[in-house]
Amino acid sequence: MTVITVQGAKPFEVEPGTTGLGIFAKDLNVVAMKVNAKTVDLDTVLHDQDVVEPVLIDSSEGLSIIRHSCAHITAQAVQQLFSDAKLGIGPPITDGFYYDFCVENPFTPQDLKAIEKKSKQLIAQRQSFRRRVVSDDEARAELAGEPFKLELIADKGNANDSDGAAVEVGSGELTIYDNLRQDGSVAWKDLCRGPHVPHTGYLKAMAITRNSAAYWRGDQSKDSMQRIYGTAWPTPAALEEYQQRMAEALRRDHRKLGIELDLFSFPEELGAGFPVFHPKGGVIKREMEDYVRQAHIDAGFEYVGTPHIAKESLFYTSGHLPYYADFMFPEMVEEKPDAEGNLARIGERYRVKAMNCPMHNLIFKSRGRSYRELPLRFFEFGTVYRDEKSGVLQGLTRVRSITQDDSHSYVMPEQAADEIRHLLNFILKLLRDFGLEDFYLELSTRDEAGANSAKFIGSDADWAKATSLLEEVGKETGLALVPDPGGAAYYGPKISVQAKDAIGRTWQMSTIQYDFNQPERFELEYTAPDGTLQRPVMIHSAKFGSIERFLGVLTEHYAGAFPTWLAPVQVLAIPVSEDHHSYVNDAVAAFVSAGIRAKIDAGADRFGKKIRSAATQKIPYILIVGDDDVAMNTVSFRYRDGSQNNQITLDAAIAEVKRTIETKAK
């Protein structure tokens, strides 16, 4: 007999050759299992003294497995409907999956409906997933008609998670998964590492969501692909809940609201990823800047300014070239006359800046510094430029022109912990003032390769000290501290504040980065109490992260209904009739004199249409004036929730709005 142990229970005996299905087959909530900590298919044979743990369908790993299985079913459906489609890669992703295909024509909305229908038909057939180990030559022979799979086979051992290839090939054996019909015949096959659910009866709720263009393995120099996205959940109710969340997210989409509320736009003439802010959006942006400028001054920061371009050599000194080269725009070369008087590109090379820190270092270095000056805190609204790929640009939340409330603190090493505490308190107050209340922290560190990784510079001791300090201060906040191995900047670890919005989505907001490398590279020094010259520690922080991204997040968090202190128009006055215009003009002038953004709708539309338009524009206070108000020298308020406060004095109305602004009430 074979003795196994299911985690949490006592060892027990099973017949030799028993698989996980022999133990868990009756529970469709178990989609795979861990055997001695390795996740495998349920039809894997168990051996004596194995320790087994079920992988539940609603766990993070279980969700990835059902989504990956649905990706296979989707690809099978596509090839049944489009016989010329060549298979790319189909990994699970957050909340779903995708699969890339090389096809002659892009998929249409009608195609997506047909693919979903066919996928559900295949699921209903209760097809089984069978894993087979194959040699490289066997895999090439079986997949001879799939050129992208052949490339993956040739690339075995070099695949990684960044392009999704790791779900298909690793450094060890190759495996193919067959989709088997009820009679045991092979309906379809795919190169895959697995694991998968035992059969499609485990796939209870899936949907195709959208499609997009893509490049093979994310490389713009390679073949164009069509990417089909889908989602899968443990139950139809969970799928419906997700679809409702997505519908709400679509309603809140800041790109849509930016147009509807006339906040910002992305003119094609400027190029992708370069937003312009319209007057109403400019009001919100100005309020954000005014707030954070004063907050920095109150927190002991000194305002500085730096140019948008610099000599390329500066970024070699800082270390950003070559480590950050992929995100920087190409160099510009100065033209100078050659010996014959012709212009030639023989001058100095320049770069548009992608970060402000090298220039702040030059300010620090401009004269001698004493320990008495430390912490020395510099701050600016620095606009930087990142050469983001067009496929990842997304409204204001991923742009190429980024305005950061960027600051750098220069401290003695023994001051670093207190400075990080100072910055975290600053950030958390800022986020709360803007209406975000639910946070956790993420600690980004080196990956396991450590000092041997080309991505990171600095000694093991420096990394260990900096990481330990950030972890210690992060835990002091009482917030959850989630590890992010490999997510550090090349020059040091960082803490980022992750905030949840009104519908539970998580956004990375502010960051605090510990930097022990740039002070060394720039030879920054201060005179210590004992008269010796010492290196400061440099701490980077951006409270908003970027103004553009933060504004995009706020737009979605509030669904465009900004709190009064941020609203572009705080009070919109609507006279009931033409006879009330003079009275309304005087009332609006009083609001404006009190520092309130008030306007009058003097258009020709009927009163009811004006009210509906104001509601669409999400105005916090609609000021209504009718005959009774004129007679009683009062005004009436209509609020965003449809309630009203009638016949209040003008002074009381102004005081109410000012109180809402000053308290930053939602």
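The values are calculated or read from the model by the stated rules, or taken from the named source; none is laboratory data. All of these numbers come straight from a predicted model, not from anything done at the bench. Cβ atoms come from the backbone with ideal geometry, glycine included; neighbour counts cover every protein chain shown. Each accessible area value is taken on the protein alone, full model and side chains, heavy atoms only, with ligands, DNA and RNA left out. Shrake-Rupley method; radii C 1.70, N 1.55, O 1.52, S 1.80 Å.
Can you name the number of the only condition in (1) under 30 Å from Leu143 (Cβ atoms); (2) in a strand (DSSP E or B); (3) open to solvent by less than 30 Å² (accessible area, probe 1.4 Å) that Lys34 fails?
The failed condition is (3).
What's the total number of residues in region 319-378 that are farther than 21 Å from Ile402 by Cα and hydrophobic (A, V, I, L, M, F, W, C)?
10
I'd like the residue in region 556-586 that is closer than 30 Å to Asp253 by Cβ, assigned to a loop (DSSP other than H, G, I, E, B) and not aliphatic (A, V, I, L, M) and, out of all such residues, is farthest from the chain's Cα centre (by Cα).
Gln570
In region 355-392, how many residues are within 22 Å of the chain's Cα centre (by Cα), over 22 Å from Phe544 (Cβ atoms) and assigned to a helix (DSSP H, G or I)?
Within region 355-392, residues that are within 22 Å of the chain's Cα centre (by Cα), over 22 Å from Phe544 (Cβ atoms) and assigned to a helix (DSSP H, G or I) number 2.
How many residues does region 37-48 hold that are of a type outside the set (Ser, Thr, Tyr) and open to solvent by less than 60 Å² (accessible area, probe 1.4 Å)?
Adding up the residues that qualify gives 4.
Pairs only if they're at least six apart or on different chains, beta carbon under 8 angstrom, first in region 587-603 and at negative phi and acidic (Asp, Glu), second modelled with pLDDT under 95 and surrounded by fewer than 19 Cβ atoms within 10 Å (Cβ to Cβ); list them, first residue then second.
Hits for this filter: Asp601/Ser613.
Any chance you could count how many residues in region 84-111 are open to solvent by 10 Å² or more (accessible area, probe 1.4 Å), part of a strand (DSSP E or B) and of a type in the set (A, V, I, L, M)?
Summing the residues that are open to solvent by 10 Å² or more (accessible area, probe 1.4 Å), part of a strand (DSSP E or B) and of a type in the set (A, V, I, L, M) in region 84-111 gives 1.
Quick check on my filter: what residues within region 243-257 are under 13 Å from Thr555 (Cα atoms), of a type outside the set (A, V, I, L, M) and without any contact (Cβ under 8 Å) to a residue 12 or more places away in the chain?
Answer for region 243-257, where residues must be under 13 Å from Thr555 (Cα atoms), of a type outside the set (A, V, I, L, M) and without any contact (Cβ under 8 Å) to a residue 12 or more places away in the chain: just Lys256.
If you scan region 526-558, which residues turn out to be under 18 Å from Leu376 (Cα atoms), of a type outside the set (A, V, I, L, M) and open to solvent by less than 20 Å² (accessible area, probe 1.4 Å)?
Tyr526, Pro536, His540, Ser541, Lys543
Can you confirm whether Ile503 is open to solvent by 40 Å² or more (accessible area, probe 1.4 Å) and outside any helix (DSSP H, G or I)?
Numbers: open to solvent by 40 Å² or more (accessible area, probe 1.4 Å): yes; outside any helix (DSSP H, G or I): yes.
In short, yes.
If I filter region 134-149 down to residues being of a type in the set (A, V, I, L, M) and assigned to a loop (DSSP other than H, G, I, E, B), which single residue comes out as surrounded by the fewest Cβ atoms within 10 Å (Cβ to Cβ)?
The selected residue is Ala144.
Looking only at region 466-495, how many residues end up being of a type in the set (S, T, N, Q) and assigned to a loop (DSSP other than H, G, I, E, B)?
Number of matching residues: 1.
Would you confirm, using the coordinates I've provided, whether Lys666 is within 30 Å of Arg252 (Cβ to Cβ), at pLDDT below 90 and open to solvent by 60 Å² or more (accessible area, probe 1.4 Å)? Please lay out each step first, then the result.
Working: within 30 Å of Arg252 (Cβ to Cβ): yes; at pLDDT below 90: yes; open to solvent by 60 Å² or more (accessible area, probe 1.4 Å): yes.
Taking the combined requirement at face value, the residue satisfies it.
Does Gln220 fit the bill of being closer than 28 Å to Lys389 by Cα, in contact with a Pro (Cβ under 6 Å, 6 or more places away or on another chain) and either among the aromatic types (Phe, Trp, Tyr) or open to solvent by 10 Å² or more (accessible area, probe 1.4 Å) (or both)?
So Gln220 does not fit the description; no.
Which one of the conditions (1) surrounded by fewer than 18 Cβ atoms within 10 Å (Cβ to Cβ); (2) out of contact with any Leu (no Cβ under 6 Å at 6 or more places or on another chain); (3) over 21 Å from Met288 (Cβ atoms) does Met359 fail to meet, given that it meets all the rest?
(1)
Within region 15-24, is even one residue open to solvent by 10 Å² or more (accessible area, probe 1.4 Å), polar (S, T, N, Q), in contact with a Ser or Thr (Cβ under 9 Å, 6 or more places away or on another chain) and touching a residue at least 24 places away in the same chain (Cβ under 8 Å)?
Yes - at least one qualifying residue is present in region 15-24.
How many residues are open to solvent by less than 70 Å² (accessible area, probe 1.4 Å) and closer than 12 Å to Gly504 by Cβ if we restrict to region 236-251?
Result for region 236-251: 3.
Might you check whether a residue that is in contact (Cβ under 8 Å) with a residue 40 or more places away in the chain and in a strand (DSSP E or B) occurs anywhere in region 421-438?
yes
Of all residues being of a type in the set (Val, Ile, Thr) and open to solvent by 30 Å² or more (accessible area, probe 1.4 Å) in region 155-195, which is modelled with the lowest pLDDT? Just the residue, please.
Filtering region 155-195 for residues that are of a type in the set (Val, Ile, Thr) and open to solvent by 30 Å² or more (accessible area, probe 1.4 Å), the one modelled with the lowest pLDDT comes out as Val167.
Got a sec? Which of Asp447, Asp438 is open to solvent by 40 Å² or more (accessible area, probe 1.4 Å), touching a strand residue (DSSP E or B) at 6+ places or on another chain (Cβ under 6 Å) and modelled with pLDDT of 90 or more?
Answer to the selection: Asp438.
Test Ile66 against the criterion of being closer than 30 Å to Tyr215 by Cα and in contact with a helix residue (DSSP H, G or I) (Cβ under 8 Å, 6 or more places away or on another chain), and give yes or no.
When the stated conditions are applied, Ile66 passes them.
Condition check: open to solvent by 30 Å² or more (accessible area, probe 1.4 Å), of a type in the set (Asp, Glu) and at positive phi. Does Asp262 satisfy that?
For Asp262, the condition - open to solvent by 30 Å² or more (accessible area, probe 1.4 Å), of a type in the set (Asp, Glu) and at positive phi - is met.
Could you tell me which of the residues Ser636, Ser643 is open to solvent by less than 70 Å² (accessible area, probe 1.4 Å), over 21 Å from Ser582 (Cβ atoms) and modelled with pLDDT of 90 or more?
Details: Ser636 fails: over 21 Å from Ser582 (Cβ atoms).
Of Ser636, Ser643, the one residue that is open to solvent by less than 70 Å² (accessible area, probe 1.4 Å), over 21 Å from Ser582 (Cβ atoms) and modelled with pLDDT of 90 or more is Ser643.
Out of all the residues in region 602-616, is one or more open to solvent by 80 Å² or more (accessible area, probe 1.4 Å), of a type in the set (Val, Ile, Thr) and either in contact with a strand residue (DSSP E or B) (Cβ under 8 Å, 6 or more places away or on another chain) or within 29 Å of Phe434 (Cβ to Cβ) (or both)?
Yes; the residues of region 602-616 include at least one that is open to solvent by 80 Å² or more (accessible area, probe 1.4 Å), of a type in the set (Val, Ile, Thr) and either in contact with a strand residue (DSSP E or B) (Cβ under 8 Å, 6 or more places away or on another chain) or within 29 Å of Phe434 (Cβ to Cβ) (or both).
Determine which single condition Ala213 fails, assuming it passes every other condition in (1) in a helix (DSSP H, G or I); (2) of a type outside the set (S, T, N, Q); (3) exposed (fewer than 15 other Cβ atoms within 10 Å of the Cβ).
Ala213 satisfies all of (1) in a helix (DSSP H, G or I); (2) of a type outside the set (S, T, N, Q); (3) exposed (fewer than 15 other Cβ atoms within 10 Å of the Cβ) except (1).
Do we find that Ala354 is out of contact with any Asp or Glu (no Cβ under 7 Å at 6 or more places or on another chain), of a type in the set (Gly, Ala, Ser), under 22 Å from Ala489 (Cα atoms) and open to solvent by less than 30 Å² (accessible area, probe 1.4 Å) in this structure?
Details: out of contact with any Asp or Glu (no Cβ under 7 Å at 6 or more places or on another chain): yes; of a type in the set (Gly, Ala, Ser): yes; under 22 Å from Ala489 (Cα atoms): yes; open to solvent by less than 30 Å² (accessible area, probe 1.4 Å): yes.
Here the answer is yes, as Ala354 does meet what is asked.
Could you please tell me which pairs satisfy a Cβ distance under 7 Å, a separation of 6+ or placement on different chains, a first residue in region 70-92 that is under 14 Å from Pro195 (Cα atoms), and a second residue that is among the small types (Gly, Ala, Ser) and part of a loop (DSSP other than H, G, I, E, B)?
Final answer for the pair search is Ala71/Gly90; His72/Gly90; Pro91/Gly164.
Can you go through Val333, Val384, Val392 and tell me which one is of a type in the set (Val, Ile, Thr) and open to solvent by 50 Å² or more (accessible area, probe 1.4 Å)?
Val392
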